[in-house]
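Peer 1: Structure in structure tokens, see below.
Please treat every number below as a calculation from the coordinates, not as lab data. Keep in mind that this is a model prediction, so the values were computed, not measured.
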Amino acid sequence: MNRQEIYNWLSQEAYWCKGIPFEIFNPTFNNSFCIGALTDGKQIAYARLITDYTTFGYLADVYVTEEHRGKGISKKMMQLLFDLDWVKGLRRIMLATRDAHGLYEQFGFGPCKYPDRIMEISRPNIYTPAP
């Protein structure tokens, strides 16, 4: 995979981490199970599973570049990921999405069974420099 192209897309295009510094992105790549798609050596899609490889996974940073959307690439990546034996054995896999619910529902995702048990610390502007 092309780490620099992935970083460029995430830091410039992704609504969830626009502006992320490379020093933050790089360890996320190194410490996750990453999958992607390339065409003629160009990175056109990417996803990473943050996981302990035994019980839990959090699907993050899923994207397909604009010119390659609508061709089934994200669906194929999800099929490949969820067909892995160790992924099939994870007790819980979570994700957050603004607009791809239909894709993820095809792979068994749905609303949290017990949303009252889920908590978060949200810092959406953490990568934005202070004025």
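Peer 1: Taking the Cα centroid of the stretch 11-51 and of the stretch 62-112, what is the distance between the two, rounded to the nearest whole Å?
Peer 2: 15
Peer 1: Size of the chain along its principal axes in angstrom, Cα-based, largest extent first?
Peer 2: 40, 39, 26
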